[in-house]
1. Just to be sure I understand the filter: pairs with C-beta atoms under 6 Å, separated by 6 or more residues or on different chains, first member in segment 237-254 and touching a residue at least 12 places away in the same chain (Cβ under 8 Å) and not assigned by TED's automatic domain parsing to the domain that holds residue 208, second member in a loop (DSSP other than H, G, I, E, B) and buried (at least 19 other Cβ atoms within 10 Å of the Cβ). Which pairs pass?
2. Name the strands (runs of 3 or more DSSP E) wholly within segment 26-67 that hold at least 2 residues that are within 17 Å of residue 98 (Cβ to Cβ) and at pLDDT 95 or above?
3. Regarding residue 245, is this residue surrounded by 19 or more Cβ atoms within 10 Å (Cβ to Cβ), at pLDDT 95 or above and out of contact with any strand residue (DSSP E or B) (no Cβ under 8 Å at 6 or more places or on another chain)?
4. For residue 290, indicate whether it is in the same structural domain as residue 189 (by TED's automatic domain parsing), in contact (Cβ under 8 Å) with a residue 40 or more places away in the chain and under 22 Å from the mean Cα position of the chain (by Cα).
5. Any idea which of 60, 105 is within 18 Å of the chain's Cα centre (by Cα) and closer than 25 Å to residue 299 by Cα?
6. Which members of segment 95-131 meet the condition of being in a loop (DSSP other than H, G, I, E, B) and out of contact with any helix residue (DSSP H, G or I) (no Cβ under 8 Å at 6 or more places or on another chain)?
7. Among the listed residues 113, 142, 128, identify the single one that is at pLDDT 95 or above, surrounded by fewer than 18 Cβ atoms within 10 Å (Cβ to Cβ) and farther than 30 Å from residue 180 by Cα.
8. Since residue 74 meets every condition but one in (1) out of contact with any strand residue (DSSP E or B) (no Cβ under 8 Å at 6 or more places or on another chain); (2) crowded, with 18+ Cβ neighbours inside 10 Å; (3) outside any helix (DSSP H, G or I), which condition does it not meet?
């Protein structure tokens, strides 16, 4: 927001329906007046109907999260992927620009492109997703991000834990035990990263099944908002689930397609549980950092409950056991 504007109680207080429609009009779109808020918490995302009967997706970036340069780097990456015919939703351009500003809000506009989540129990689906990720990583490995951060134990893990400990978030009766479990888990994760020394490439960064959508034309990637530098296995492990035997089988099918276009360094398999640990702690810190946004207490009412932190402590202790076990085998 501009320094001259009054400080608001939460970052989206001024993002009214009229503001959204006026923002679209300011860059040449003609909204009909109909809006539908989509399921997004970090940013605000809306389906907007247009006078010509079409629809666009308007994404209003959370103030102060990314610099404009980092957002444009995300846009550039998605366009680079599209140029290599990798199916990804890219922002629409107006006069050569993809990032716009209106009343202090930065926003981008995307074509509407829905779909269904992938059926990961099907082996041919896993092989297809492996091919897509292999192609994405082959492009991602060609350059490096300059404005976007890397996925590290320090940034995702220790910074997140320190934020939680400094704030009044963790239930007092489990705070010490939670801290001890988190610190032990992060120490083990640090040791694994130091042992592997993975090569960092440009990643999707948040490649869970909800960010891959299927249509009759096949799969496509959405939401590169968390794109960053990191080990390739980060974009693969979130597609795995179940027992070790089940995850090994799933990974074999993913890699059957993946290796057609890019070769995974198999030493990175040792990082899967470390990455899972980082995601757990980072997720709690993400909720804490956004707790002043009314959408978060409304949609995540369990976050500040004793039960949540007890479950997190137990989960981290289970992670400590997993971190000490042999890594996933093909």
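The values are calculated or read from the model by the stated rules, or taken from the named source; none is laboratory data. Please read these numbers as outputs of a predicted model, since none were measured by experiment. Reconstructed Cβ throughout: ideal geometry from the backbone, glycine too, with neighbour counts over all protein chains shown.
1. none
2. Passing ranges, in order: 44-50, 55-60.
3. Numbers: surrounded by 19 or more Cβ atoms within 10 Å (Cβ to Cβ): no; at pLDDT 95 or above: yes; out of contact with any strand residue (DSSP E or B) (no Cβ under 8 Å at 6 or more places or on another chain): yes.
Answer is no for this residue.
4. On the way: in the same structural domain as residue 189 (by TED's automatic domain parsing): yes; in contact (Cβ under 8 Å) with a residue 40 or more places away in the chain: yes; under 22 Å from the mean Cα position of the chain (by Cα): yes.
Yes; evaluated as a whole, the condition is true for this residue.
5. Numbers: 105 fails: within 18 Å of the chain's Cα centre (by Cα).
The unique qualifying residue is 60.
6. Within segment 95-131, 95, 96, 104, 112, 113, 114, 115, 121, 122 qualify.
7. On the way: 113 fails: at pLDDT 95 or above; 128 fails: surrounded by fewer than 18 Cβ atoms within 10 Å (Cβ to Cβ).
Matching residue, one of 113, 142, 128: 142.
8. Failing condition for residue 74: (3).
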